[in-house]
Each structure stands twice: as C-alpha cells, then as structure tokens.
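Before any comments, here is the structure.
The values are calculated or read from the model by the stated rules, or taken from the named source; none is laboratory data. As the structure is a computational prediction, the values presented were derived from the model and not from experiment. Here the Cβ is made from the backbone with ideal geometry for all residues, glycine too, and neighbour counts use every protein chain on show.
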Amino acid sequence: MSKKYQKCFITVGTTRFDLLVETIMSPSVLESLKKIGCKVITFQIGNSDFQPGIYDKEGVQINVYRFKDSILDDIVSADLVISHAGAGSCLEVLEARKPLLVVVNEELMDNHQIELAEQLQIDGHLYYCTCDTIESTLEMLDFSMLTPFPKPDPTLFIKYLDDVFRVKPKAK
Amino acid sequence: MGVWILGWFVFAPLVVILLRVFYLIFLVLSTDSGLESESTLRTILCIGSGGHTTELLRIVRNLDHQKYQPRLYILADNDVSSEVKIHKAELSPAKYALERIPRSRNVKQSYLSSIGSTLYATLHTIPVVYNFKPNVIFCNGPGTCVPVCVVAFILRCLFLIDCRIVFIESICRVRTLSLTGKILQYFADVIVVQWPQLRDSCYRAKYFGRLT
C-alpha cells in the first residue's frame, strides 16, 4: 500500500478505551502504522489509563492528550482517523471526508453503536475491526477504496412536515 | 335508583374518555394526523442526551423558525452539556425558553426502578406541557422524551391541548427501534427513521433519507 497516511488521529471519545491505547502503543501495531506512512500520531485517550504527553516510539511521534472542546481540528488535519464506534465521532470523521477505521470496544457489547459501524462498512464508508485485528486490518485494507459519505438531505422531511402542519393564512 | 344515577355520572365521562383515547390511537395509527394552526406553531423540543441532543438540534435547525415558534426546550435536570449546545444553535434569546424536568431513566438504571422515576418525571412534566400548550413536539431519544409525550397525549385526549408528536429515531439505530421508539410508535403522530430497513420493524415509520 502507498505510504500516504503521515498524520494519524486516534480518538476514544468521552469515556475510556484502555485496550485500544495499549494496542496502539504496542511495537507491532506502530510498525504496521509506519508501513502505511504514519509518522505522527495525535491520540485523544479520554480517561484511559495512560499518561498524556509527547512520546517517541518506534520512530513515530505520538502526541497524547485527554480531552479537547472540539476534536474537529485534529480530524481535519489528519490523513487517517482511527476512532471508537461512537456515532458522533464516526459521523464527524465521515463528514470531514477522512479515511476512517473504527475499532469496536468488545467490552461494550450491549450497546448498539456497532450496528451503525457495521452498516457504514457495508455501504463502503469506513472499515471496522476490533483491537485484536487492528494490525492485520491496517496491513490488508486499502482506504482509498472507501466511498465518500453523502451529505444529509433534510429537505424532503421538512417539506413533509410543512404539508402536515400548516398555519392558516391570515384573514385580511 | 340513586346508585344508578351516581354510576352514570361516574362512568359516562370515563367511557367518553376511553372512547376518545381509542379514537385518537386509531387516528394516529391510520392517518397522517395533520394540524392547522391559527398562528404560529408552538413547538416543544425534547432534548435527550449527548449525541441525541446534537442530532436533534442539527435536524431542527432546518425548520422555518418563523413558523415553529415560540420554542420550548425540555431537558433533563442533570444534563449540563446540552444547554450550551442549545444556546449555540439559537440566535435570538427572545424566541425560545428552557425547562428542566427530572430524568426518567439514567444510563444503566434497571427497568423496574425506571418505572418509578418515569412516573415522577411525568408528574413534573404535566404543568410544563399544559402551560406551554404546544402544537408540535419534536423528540428523538432517551431522557425527557417519554414523559413529555405521554403527558401531551393524555392532555390531548382530555381536549386540553391540541398537539402532534414527531419522533425521529436516531441514526445509530439501523435495524431495531430504540426503547423510546418502541413505546412511542403507538401514539406519536409521525415516526421518522433514518435507515430504510427500519421500516420493516415499524410499519408506520417514514423514511426521508438521512437527516443528520
């Protein structure tokens, strides 16, 4: 695969995802990130069990922080985003038209967020995997195969509402 | 004889109300229950939590704000982040207000205890909805949605308000309705889903493409 994903942004959302942090920091996963061109990682870790700061591992610079008001800047400046399965984060990344790999947190099996990630993978907008398969996923998949996410279009809905709910024209 | 008259006075209104309830449910389930208002449409927006708030605000910002006003945002009393988002979404403070009610179900709360807290939240909601007299209620998720809609429906049955409920299922729900959706499908006037396959599990659901 071509080495075009220099800047990588990883986000775990508002809670914590210890296993993802651990997995990303492992030499083998960093190695496979390097293979696709990764030189700098910006890593939003939330409340995960790790110390924020700037690290240099396996020749990759990793900037770790816990929270920001908005992660949009980090998404926009990244070449590849790796995200937890939260709908908010996923949609934000897709709207910014960035290649996206969703890592499903298997400890949260009862939540329905996987449903959305699954469907979006079927539709070809993102890839998803688990912590165990990040390495192989990164090595096998081609992010340039993803199709852009179409923009939402509420006009039909608004038109329907305007037909159903009317205001009487004022009598003059 | 006296017993009969007394019975008549007690039961006749009950029967009327019951018939009204059945009639309204029939109306809701079988037709596009429209509404024609004299002036603007008084609108309640039930704010859920976290992602649901963002989603609802993004959908309603496309509405004609001149037509759907004044707007009342109802949010849960322990919801701090939504308030900021609402103020950001609304430009002029004159046209909207905020109201807080107790949360009907917290994350990870058991179903049994959530029945109690839903009842408590419902009681708090009655004066809020009655005083505002909404024409349209928009809701999309957990938190405040069920009590507000139940109260609005009961008040509509009693001819105290005339309002329609629009429920928008979250984009997260691809194959199954959320618990809120499963409850509301029986008395929300309009049910909107954002994935076409969801129409299989709710025949009344309308799909207009992705909204957010």
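General observations
- Screening segment A:88-172 for helices (runs of 4 or more DSSP H) wholly inside it with 1 or more residues that are in contact (Cβ under 8 Å) with a residue 24 or more places away in the chain returns the ranges A:113-122, A:134-140.
- For segment B:82-101, the criterion of being in contact (Cβ under 8 Å) with a residue 24 or more places away in the chain, touching a Cys at 6+ places or on another chain (Cβ under 9 Å) and either surrounded by fewer than 19 Cβ atoms within 10 Å (Cβ to Cβ) or part of a strand (DSSP E or B) (or both) is met by none of the residues.
- Residues considered: A:Asp142, A:Asp162. Of these, the only one that is among the acidic types (Asp, Glu) and more than 10 Å from every other protein chain (Cβ to nearest Cβ) is A:Asp142.
- Selected residue [in contact with a helix residue (DSSP H, G or I) (Cβ under 7 Å, 6 or more places away or on another chain) and under 30 Å from B:Arg210 (Cα atoms)] from A:Thr11, A:Thr23, A:Thr42: A:Thr11
- Any hit, segment B:131-144, residues being in contact with a His (Cβ under 8 Å, 6 or more places away or on another chain) and part of a helix (DSSP H, G or I): no
Each row is one residue, and each column tells you yes or no for (1) in a helix (DSSP H, G or I); (2) out of contact with any Phe, Trp or Tyr (no Cβ under 8 Å at 6 or more places or on another chain); (3) without any contact (Cβ under 8 Å) to a residue 12 or more places away in the chain; (4) within 13 Å of chain A (Cβ to nearest Cβ).
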position: B:Val10; (1), (2), (3), (4): yes, yes, yes, no
position: B:Ser33; (1), (2), (3), (4): no, yes, no, yes
position: B:Ser39; (1), (2), (3), (4): no, yes, yes, yes
position: B:Leu56; (1), (2), (3), (4): yes, no, no, yes
position: B:Asp64; (1), (2), (3), (4): no, yes, yes, yes
position: B:Leu72; (1), (2), (3), (4): no, no, no, no
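- Of the residues making up segment B:162-189, those that are closer than 18 Å to B:Tyr207 by Cβ, away from every other protein chain (no Cβ under 12 Å) and aliphatic (A, V, I, L, M) are B:Leu184, B:Ala188.
Residues checked against (1) exposed (fewer than 13 other Cβ atoms within 10 Å of the Cβ); (2) under 24 Å from B:Arg210 (Cα atoms); (3) at pLDDT 90 or above:
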site	(1), (2), (3)
A:Leu100	no, yes, yes
A:Val103	no, yes, yes
A:His112	no, yes, no
A:Gln119	no, yes, yes
A:Asp123	yes, yes, yes
A:Tyr128	no, yes, yes
A:Ile158	no, yes, yes
A:Ala171	yes, no, no
